[in-house]
Amino acid sequence: MSFRSRISLALGVAFLCAVAGALLISRPASAQGDIHVFVGPGGRLNVLDFEQSGLRLGDRLTFRAPLLDGTQTSDAGETYGECVVVRRITDDADGPGGIYRCNYLLRLADGDLIVDGLDPHGPGVASFVVLGGTGAYAGATGEATVTDSDAGTEFVIALTG
């Protein structure tokens, strides 16, 4: 192998090692494990019922509320959200019906996370996608399990990147 070929090979290997190292280092430390928070009391809700005929396609809910940690005893940040009605919201004898498409910004101590998904009206569990974040959550991906119950809303977020 000629001297020029050995130099080219060494530079190529060094470049690949640098790229692989950068990819491993750039993964945020907070992107490993779960985040568990609850929407706390004392928030604010705005209902935008455009035709004043009940919540129908395109109507919106906007809100902000404090977040509590997984034990519901300590402040964990704040959430800001918007939900758009994508299927008419009902509360009748058959129980709650309808679907929202919701987007939440979770402002946590280490940075922000954004999650988005379809949320059935009423108690239940829905899967949301983690769209990204800032700070320790920059480049975050994963899945959020959002549980709505009479006790409130719970987020369990599994970060994968």
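The values are calculated or read from the model by the stated rules, or taken from the named source; none is laboratory data. This is a predicted model, so every value here is computed, not measured. Using ideal geometry, Cβ is built from the backbone for each residue, glycine included, and neighbour counts are taken over all protein chains shown.
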Checklist outcome for this item: Checked Ala144, Ala109, Ala151 against criteria (assigned by TED's automatic domain parsing to the domain that holds Leu57, free of Cβ contacts under 8 Å to residues at least 24 places away in the same chain, more than 25 Å from Arg56 (Cα to Cα) and not polar (S, T, N, Q)); the one match is Ala151
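One line per residue, one yes/no per condition, for (1) modelled with pLDDT of 95 or more; (2) touching a His at 6+ places or on another chain (Cβ under 6 Å); (3) within 24 Å of Gly142 (Cβ to Cβ); (4) surrounded by 13 or more Cβ atoms within 10 Å (Cβ to Cβ):
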position: Val19; (1), (2), (3), (4): no, no, yes, no
position: Val37; (1), (2), (3), (4): yes, no, yes, yes
position: Glu51; (1), (2), (3), (4): no, no, no, no
position: Arg60; (1), (2), (3), (4): yes, no, no, yes
position: Thr71; (1), (2), (3), (4): no, no, yes, no
position: Glu78; (1), (2), (3), (4): yes, no, yes, yes
position: Val85; (1), (2), (3), (4): yes, no, no, yes
Checklist outcome for this item: Scanning the stretch 101-137 residue by residue, the ones that are under 18 Å from Glu78 (Cα atoms) and not in a strand (DSSP E or B) total 6
Checklist entry - Among the residues of the stretch 77-85, is there at least one that is assigned to a strand (DSSP E or B) and on the phi > 0 side of the Ramachandran plot? => result yes
Next on the checklist: Given the criterion among the β-branched types (Val, Ile, Thr) and more than 11 Å from the chain's Cα centre (by Cα), identify the matching residue among Ile89, Ile114.
Outcome noted: Ile89
Checklist outcome for this item: Of the listed residues (Gly135, Gly117, Gly122), the one being under 25 Å from Leu48 (Cα atoms) and surrounded by fewer than 16 Cβ atoms within 10 Å (Cβ to Cβ) is Gly122
Checklist entry - If you scan the stretch 138-153, which residues turn out to be assigned to a strand (DSSP E or B) and within 12 Å of the chain's Cα centre (by Cα)? => result Gly142, Glu143, Ala144, Thr145, Val146
